[in-house]
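Novice: Structure incoming, see below.
The values are calculated or read from the model by the stated rules, or taken from the named source; none is laboratory data. Model, not experiment: these values are computed from the prediction. No Cβ is skipped: glycine too gets one built from the backbone with ideal geometry, and neighbour counts run over all protein chains shown.
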Amino acid sequence: MKLLSAIALLILSSLFSLDDPPITEILPVQKSPSEINWLTWDEAVQLSEKGKKKIFLDVYTEWCRWCERMDTTTFKDPGVVEYINANFYPVRFDAEYKEDIRYKDEVFKFVKNGKRGYHQLAEKWLKGRLSYPTLVFMDENQDVIQSIVGFKNTEKFRLIATYFGSNEYRVTPWSTYCRNYEDEKQAVENFPSKN
């Protein structure tokens, strides 16, 4: 029995060399495929430096009811979950986060303001417009592409997420993209079904 335990220990130790980074440094812990695989800001930055994907930020506060509604509706939709997990490093960022964060060689802090306060990084990403929820789409270099304020239902969110996720924002004006989306949606709805 001791020999069997020693062999098992030897095999396990050879699988996990001290020179290799822990698996969690390479891949985030996978949640159920029915949930968005939310990461911390640090995890997303680390992963984006290796795997060049865009970052999606859901900037929220604990007291925001519209943020809560997005969590229980839009962010539970299977299509949204699949698209976000496949195309972005998703981060839920509490705009009232209390710890310091280093971002692009700057340190951002919590600023007390009345009974609450805000994190300077949220202020930077939202360009001073502290309104929640705010959806922030960042490119592969962690630069803000666009911040979008307010609750978005599933259909509106899908439209926005695909616009940035597919890089259409680089070549197609938003109004044209929306018009094309509506034309395509209308065509699908009018397509005869075999019943």
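Novice: If we keep just the residues of region 93-106 that are assigned to a strand (DSSP E or B) and modelled with pLDDT of 95 or more, which is nearest to SER34 (Cα to Cα)?
Specialist: Of region 93-106, the ones assigned to a strand (DSSP E or B) are 93-94, 101-103, 106.
Next, only the ones that are modelled with pLDDT of 95 or more stay: 93-94.
Details: PHE93: 20, ASP94: 22 Å.
Within region 93-106, the match that is nearest to SER34 (Cα to Cα) is PHE93.
Novice: Output the residues belonging to region 111-147 that are under 18 Å from THR73 (Cα atoms) and either of a type in the set (D, E, K, R) or under 15 Å from the mean Cα position of the chain (by Cα) (or both).
Specialist: Initial filter on region 111-147 (under 18 Å from THR73 (Cα atoms)): 132-135.
Result: PRO133, THR134, LEU135.
Novice: Pick from region 140-195 the residues that are β-branched (Val, Ile, Thr) and exposed (fewer than 14 other Cβ atoms within 10 Å of the Cβ): which of them is modelled with the lowest pLDDT? Talk me through it step by step, then tell me what you get.
Specialist: Initial filter on region 140-195 (β-branched (Val, Ile, Thr)): 144-145, 148-149, 154, 160, 162, 171-172, 176, 188.
Adding the requirement that they be exposed (fewer than 14 other Cβ atoms within 10 Å of the Cβ) leaves 171, 176, 188.
Numbers: VAL171: 95, THR176: 92, VAL188: 51.
Among those that are β-branched (Val, Ile, Thr) and exposed (fewer than 14 other Cβ atoms within 10 Å of the Cβ), it is VAL188.
Novice: Give the number of residues within region 57-114 that are farther than 16 Å from LEU135 by Cα and among the aromatic types (Phe, Trp, Tyr).
Specialist: 5
Every residue, every condition in (1) closer than 24 Å to PHE151 by Cα; (2) modelled with pLDDT of 95 or more; (3) in contact with a Phe, Trp or Tyr (Cβ under 7 Å, 6 or more places away or on another chain), yes or no:
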| residue | (1), (2), (3) |
| --- | --- |
| PRO21 | no, no, no |
| PRO28 | no, no, no |
| SER34 | yes, no, no |
| LEU39 | yes, yes, yes |
| LYS50 | no, no, no |
| THR61 | yes, yes, yes |
| ILE84 | yes, yes, yes |
| VAL91 | yes, yes, yes |
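Novice: Any residue in region 104-120 that is under 20 Å from GLN146 (Cα atoms), surrounded by 14 or more Cβ atoms within 10 Å (Cβ to Cβ) and touching a residue at least 60 places away in the same chain (Cβ under 8 Å)?
Specialist: no
Novice: Go through (1) in a strand (DSSP E or B); (2) over 23 Å from GLU62 (Cα atoms) one by one and return the number of the condition THR162 breaks.
Specialist: (1)
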